[in-house]
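Peer 1: Dropping the structure in here first, questions after.
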Amino acid sequence: MFKGLLLQVGALVLLSHAACAGEFAVVDKPTTADPARIGPPTYYIQNVQRYAERTDPVRYYPIQQDKVTRDTYYQWLEDSGHFGYADGEGPKKHGRYGPRHFMPVLAKFVKTGDAKLGDACVTMLKTYHQWMQDEVAKTGWHSQFIDEPSFLGMYRRHLSAGRALDLDKDTWFRDFILFMNRNVHVWGTPETYWRGPMHRAQGEGIMKGLAALWHPDAPEAETWRRYSQTVYQDFWRFKDNPANDTNYYVHCTLVPLVLGADLRGDKEFFTHPEMQKVWERLTYQVSPDG
């Protein structure tokens, strides 16, 4: 019986291979037009497709030497269409991603002082606050600990400087920051107060340190401050992080570290001799595609 079953299985395997061979028969390559680029018309970095083996090197070399400046970056934002997020009901449509998506809008507000852009950022922040309250009510916590808290610090700084946000009168923003820190669990788990130079610990440490700096009268402020100082030393002791790509290293770890240092006024983070290896690796070793 077993032998017969084995023969049946073997026959099915052979038939499946035959079917696959028939389905995926080799045919002549169809003639198609080259893909056309749809999106921002200007490149400010080298196209990563130059790494593809079948790409004609003539198309990508010599590597362009265009200088990227603040104006260049702003022009890319203009080309990208991100400023359109502020139009109409746009500020209410981004939910948990609002702080990330609206950074270009904040940049244009800083450059132009357009009150409508400031109001759009405030509306986005209130929508984000409501999303977080709903998330905590549903799951018991939220996990917005990476770039979002330091982005909120940039909104806090520039919207208040541009008079779109009054830190004395707009108490909802203070309540928002405290709510965010009281209900964060950095990986969808009940545990909190992570340790180490990695992104989860640094994200939580930076957000709680900023909350303690901004609101020293909060009951948890001293606990948050001590934790933030302790966990920051987990990074500062080595002044580095094991990751070496454009996601965990740059987005998840360096973004909160860089913005957190700027918001604290910590110039040593940028100028310390041992930090130069970080900036050099970002410049010369970490490729655009990670």
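Peer 1: Just to be sure before I move on: is ASP119 over 30 Å from GLN202 (Cα atoms) and at pLDDT 95 or above in the structure I sent? Steps first, answer last, please.
Peer 2: Values: over 30 Å from GLN202 (Cα atoms): yes; at pLDDT 95 or above: yes.
Yes.
Peer 1: If you scan segment 189-230, which residues turn out to be of a type in the set (A, V, I, L, M, F, W, C) and closer than 18 Å to MET275 by Cβ?
Peer 2: Within segment 189-230, MET198, ILE206 qualify.
Peer 1: Okay, next question. Please indicate, with yes or no, whether at least one residue in segment 104-122 is closer than 30 Å to ARG226 by Cα and out of contact with any Leu (no Cβ under 7 Å at 6 or more places or on another chain).
Peer 2: No, segment 104-122 has no match at all.
Peer 1: Hey, among the residues in segment 186-203 that are among the hydrophobic types (A, V, I, L, M, F, W, C) and within 18 Å of the chain's Cα centre (by Cα), which one's surrounded by the fewest Cβ atoms within 10 Å (Cβ to Cβ)?
Peer 2: That would be TRP187.
For (1) at pLDDT 95 or above; (2) surrounded by fewer than 17 Cβ atoms within 10 Å (Cβ to Cβ), each residue gets a yes or a no:
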site	(1), (2)
GLY205	yes, no
GLU222	yes, yes
GLN229	yes, yes
CYS252	no, no
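Peer 1: Residues being of a type in the set (A, V, I, L, M, F, W, C), under 21 Å from VAL255 (Cβ atoms) and not in a helix (DSSP H, G or I): count how many of those fall in segment 140-173.
Peer 2: 2
Peer 1: A follow-up question, please. Can you list residue pairs whose Cβ atoms sit under 9 Å apart, with the first residue in segment 221-241 being touching a residue at least 12 places away in the same chain (Cβ under 8 Å) and the second being in a loop (DSSP other than H, G, I, E, B) and of a type in the set (Lys, Arg)? Count only pairs 6 or more apart in sequence or on different chains.
Peer 2: As it stands, the answer is THR230/ARG195; VAL231/ARG195; ASP234/ARG195, since those pairs meet every condition given.
Peer 1: So LEU77 passes all but one of these: (1) modelled with pLDDT under 95; (2) in contact with a His (Cβ under 9 Å, 6 or more places away or on another chain); (3) farther than 30 Å from ALA201 by Cβ; (4) not acidic (Asp, Glu). Which condition number does it fail?
Peer 2: Single failed check for LEU77: (2).
Peer 1: Please tell me if TYR155 is in contact (Cβ under 8 Å) with a residue 24 or more places away in the chain, closer than 22 Å to THR230 by Cβ and aromatic (Phe, Trp, Tyr).
Peer 2: When the stated conditions are applied, TYR155 does not pass them.
Peer 1: Another one. Among the numbered conditions (1) part of a helix (DSSP H, G or I); (2) modelled with pLDDT of 95 or more, tell me where GLY88 comes up short.
Peer 2: Only one criterion is unmet by GLY88, namely (1).
Peer 1: From the list ASP234, ASP240, ASP217, pick out the single residue that is farther than 22 Å from ARG96 by Cα, among the acidic types (Asp, Glu), out of contact with any strand residue (DSSP E or B) (no Cβ under 6 Å at 6 or more places or on another chain) and at pLDDT below 90.
Peer 2: Going through ASP234, ASP240, ASP217 in turn, the sole match is ASP240.
Peer 1: Could you count how many residues in segment 271-289 are modelled with pLDDT under 85, surrounded by 12 or more Cβ atoms within 10 Å (Cβ to Cβ) and more than 18 Å from the chain's Cα centre (by Cα)?
Peer 2: Final tally of qualifying residues: 1.
Peer 1: Next question. Just one of the numbered conditions (1) over 22 Å from the mean Cα position of the chain (by Cα); (2) touching a residue at least 40 places away in the same chain (Cβ under 8 Å) is not true of LEU167; which one?
Peer 2: Unmet condition: (2).
Peer 1: In this structure, does TRP194 turn out to be of a type in the set (Phe, Trp, Tyr), modelled with pLDDT under 95 and touching a helix residue (DSSP H, G or I) at 6+ places or on another chain (Cβ under 7 Å)?
Peer 2: yes
The values are calculated or read from the model by the stated rules, or taken from the named source; none is laboratory data. Everything numeric in this text was worked out from a predicted model, so none of it was measured. A quick note on method: Cβ atoms are made from the backbone with ideal geometry, for glycine too, and the neighbour counts reach across all protein chains shown.
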